[in-house]
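Down below is the structure, laid out as structure tokens.
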Amino acid sequence: MEKSLIRANYAFDSLGMACVRGLARHCARVVLVDGGMGGRAIRAGVLLGAGLALGRRLKREVPEERVGILLPPGAGGAIANLGCVLAGKTPVNVNFTSGRAAAESAVRQAGLRAVITAKSMEEKVGEHFPRVGRKLDLADLLKKEKKKAVFWSLLAVVLPASWLAVVAGIPREGGDREAGLLFTSGSTGEPKGVVLTHRNILSNLSQIQGVLGKLNIGSLLGCLPLFHSFGFTVTLWWPLAGGPQVVTYPSPLDPHALGEVISGHGVELLVTTPTFLRALMRRAGREKLEGLRMVVTGAEKLPPSLRDEFAEKIGVKVFEGYGMTEASPVVSVNVPGGERAGSVGKPVGGMEVRTVDEISWQVLPSGQAGILEFKGPNIFPGYLGRADLTEKVLKGGWYHSADYGRLDGDGFLFIEGRRARFSKVGGEMVPHGVVEEELAKWCKQKGHGTEGALEVMVTTVEDERKGESLVVLHVVDLDPVEAERALREAGLPNLWIPKKFRRVEKIPLLASGKLDLAAARKMAQNA
């Protein structure tokens, strides 16, 4: 990453200025390769020119502080987001996979009056496209601004970044002003708006660079949605602010095409989820993936069997990381020479971690497992318009997460499970993940499938007698009686053994690759 970003004063600097420095410093460098458009290479100066031209137009035509964006990863999505921050506006990437109700909730909460999109996206989303005042077609906007984009590209070559910012009217100060607004996936209810400041995002970029910069990564794959926190910070702003080149593809759901993109453009770093990685391993294979230098998974626990199988079949090691939207999002990651099996790595620079008791919220001794709390410059200031929810999770600068975990004596972070992935059965907390792992192992031994959440998922329904009872959703053909027996033989307590099983067509997933907890619970309730 360029030194300009590392030197940034996060208390005052703006994301727009960081991008101007990162792009203008080497205008001839290819910063983005659009794998969804035949591998079109976009140079930094061209991208900056388009962003500046679009930003000035948005200043004239969109009076609102926030601008909606409904585009996939690619040159268009990058230019739309860049144009917004260069105009001093907040980009709001709308989740177009969550259904119309959730999308319109985000539009309403953010007060969006205009959405930048493309005709192809309108056709793809169809009836689920949210109702909004104005739809701004990006292709039309860029066509009208073509000459001005060329002018700004040329100006970026001859002017220092600081002068270019003055001429273009780029806001220089950001600090605690809003720079991004992301909506949680709604896996457990209505989406919440997570406000991220300039300081949050720039701090996390520096933290990412502090961990991965020494590896000299040349390119990374950008296929996670822009409305996903990793897709927003890691594979969008990191490259634009001077990080590695990004090779984009519109969707993480096409493993065959992704394999072609990875091998065809020499992608070195892959950031994905275990679910997507499993599909990629099966469909793309060693021939397409062996050129990867590093693979990092997050969002869901990385099954040891998947890590081992990928290393054996592809010849590339998989490292587990951890993050959340409220942390902008990267919290910790394992890296070569700095890893520990079963952990999600050491926290990034500037992050403090502690555990507290779930009931009393009292701080626990170092090393003792409890609810994880985090503090650092990348922690968000609160939820949009929800002071009640903000007060529940932010106290004294500490973010009270929904995850159980602990730090070991060497500072490695271990995640024991999500609060939402525990059930209180007969007064005892039962971890869904442990039950799933044992079921998945048994399924593999029986030849029902391979280990992983794609085959089985544990959810819960209300139970008048026990409070809650476990329900197993499964896509493989299994005998519930045999499954129960296998769990007992594995040594699981009786309360942890599900008595209800339901065959489903597929395990519900969000576009981010996470399990869709709300949809799973609904499936179980309707059984």
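Structure summary
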{"read-out": "Residues (more than 27 Å from the chain's Cα centre (by Cα) and either small (Gly, Ala, Ser) or outside any loop (DSSP other than H, G, I, E, B) (or both)) located in region 493-511", "value": "Asn494, Leu495, Trp496, Lys500, Phe501, Arg502, Arg503"}
{"read-out": "Filtered residues of region 208-232 (kept if at pLDDT 95 or above and among the polar types (S, T, N, Q))", "value": "Ser219"}
{"read-out": "Residue that is crowded, with 24+ Cβ neighbours inside 10 Å, in contact (Cβ under 8 Å) with a residue 60 or more places away in the chain and over 17 Å from Gly321 (Cα atoms), where the choices are Val234, Val247", "value": "Val247"}
{"read-out": "When residues of region 433-459 are limited to those that are modelled with pLDDT of 80 or more and of a type in the set (Val, Ile, Thr), the one nearest to Leu487 (Cα to Cα)", "value": "Val435"}
{"read-out": "Residue check for Arg100: over 12 Å from Pro191 (Cβ atoms), assigned by TED's automatic domain parsing to the domain that holds Leu23, in contact with a strand residue (DSSP E or B) (Cβ under 8 Å, 6 or more places away or on another chain) and surrounded by fewer than 23 Cβ atoms within 10 Å (Cβ to Cβ)", "value": "no"}
{"read-out": "Residue among Gly77, Gly55 that is touching a strand residue (DSSP E or B) at 6+ places or on another chain (Cβ under 9 Å) and closer than 21 Å to Lys148 by Cα", "value": "Gly77"}
{"read-out": "Qualifying residue in region 378-392 (condition: touching a residue at least 12 places away in the same chain (Cβ under 8 Å), in contact with a Phe, Trp or Tyr (Cβ under 6 Å, 6 or more places away or on another chain) and either surrounded by 13 or more Cβ atoms within 10 Å (Cβ to Cβ) or not in a loop (DSSP other than H, G, I, E, B) (or both))", "value": "yes"}
{"read-out": "Sole exception among (1) among the hydrophobic types (A, V, I, L, M, F, W, C); (2) farther than 23 Å from Pro329 by Cβ; (3) crowded, with 21+ Cβ neighbours inside 10 Å for Val296, by number", "value": "(2)"}
{"read-out": "Tabulated pairs, region 266-287, first not assigned by TED's automatic domain parsing to the domain that holds Ser229, second assigned to a helix (DSSP H, G or I) and modelled with pLDDT under 90, C-beta under 7 angstrom, 6+ apart or interchain", "value": "Pro274/Leu306; Leu277/Leu306; Arg278/Leu306"}
{"read-out": "Helices (runs of 4 or more DSSP H) completely within region 69-165 that count 3 or more residues being touching a Gly at 6+ places or on another chain (Cβ under 6 Å) and under 21 Å from Gly180 (Cα atoms)", "value": "75-86"}
{"read-out": "Subset of region 161-176 (residues that are free of Cβ contacts under 8 Å to residues at least 40 places away in the same chain and either in contact with a Ser or Thr (Cβ under 8 Å, 6 or more places away or on another chain) or not aromatic (Phe, Trp, Tyr) (or both))", "value": "Ser162, Val166, Val167"}
{"read-out": "Conditions (1) modelled with pLDDT under 95; (2) under 19 Å from Pro239 (Cα atoms); number of the one not met by Glu61", "value": "(2)"}
{"read-out": "Pairs, first hydrophobic (A, V, I, L, M, F, W, C) in region 126-155, second assigned to a loop (DSSP other than H, G, I, E, B), C-beta under 6 Å, six or more apart", "value": "Val132/Leu112; Leu138/Ala118"}
{"read-out": "Criterion: β-branched (Val, Ile, Thr), free of Cβ contacts under 8 Å to residues at least 40 places away in the same chain and part of a loop (DSSP other than H, G, I, E, B) - qualifying residue of Val296, Val316", "value": "Val316"}
{"read-out": "Elements of type strands (runs of 3 or more DSSP E) in region 216-281, at least 1 residues being in contact with an Asp or Glu (Cβ under 9 Å, 6 or more places away or on another chain) and more than 17 Å from Leu205 (Cα to Cα)", "value": "245-248"}
{"read-out": "Residues of region 82-101 satisfying the condition of being of a type in the set (A, V, I, L, M, F, W, C) and within 18 Å of the chain's Cα centre (by Cα)", "value": "Val92, Val94, Phe96"}
{"read-out": "Members of region 42-55 that are surrounded by fewer than 23 Cβ atoms within 10 Å (Cβ to Cβ) and closer than 14 Å to Ala80 by Cβ", "value": "Ile42"}
{"read-out": "Residues of region 231-260 that turn out to be touching a Leu at 6+ places or on another chain (Cβ under 7 Å), of a type in the set (A, V, I, L, M, F, W, C) and not assigned by TED's automatic domain parsing to the domain that holds Val20, as a count", "value": "1"}
{"read-out": "Cross-chain or 6+ apart pairs with Cβ under 7 Å, region 22-39 first and more than 22 Å from Cys223 (Cβ to Cβ), then loosely packed, with under 15 Cβ neighbours inside 10 Å and aliphatic (A, V, I, L, M)", "value": "Cys27/Val157"}
{"read-out": "Flag for Ile208 being closer than 23 Å to Val344 by Cβ and assigned to a loop (DSSP other than H, G, I, E, B)", "value": "no"}
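For every residue, the table says whether it meets (1) at pLDDT 95 or above; (2) assigned to a helix (DSSP H, G or I); (3) within 26 Å of Trp152 (Cβ to Cβ).
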{"residue": "Pro171", "(1), (2), (3)": "no, no, yes"}
{"residue": "Gly180", "(1), (2), (3)": "yes, no, yes"}
{"residue": "Gly186", "(1), (2), (3)": "no, no, no"}
{"residue": "Gly189", "(1), (2), (3)": "no, no, no"}
{"residue": "Val194", "(1), (2), (3)": "yes, no, no"}
{"residue": "Arg199", "(1), (2), (3)": "yes, yes, no"}
{"residue": "Ser203", "(1), (2), (3)": "yes, yes, no"}
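The values are calculated or read from the model by the stated rules, or taken from the named source; none is laboratory data. Predicted model only: the values in this text are computed from it and were never measured. FYI the Cβ positions are ideal-geometry reconstructions off the backbone, even for glycines, and counts take in every protein chain you see.
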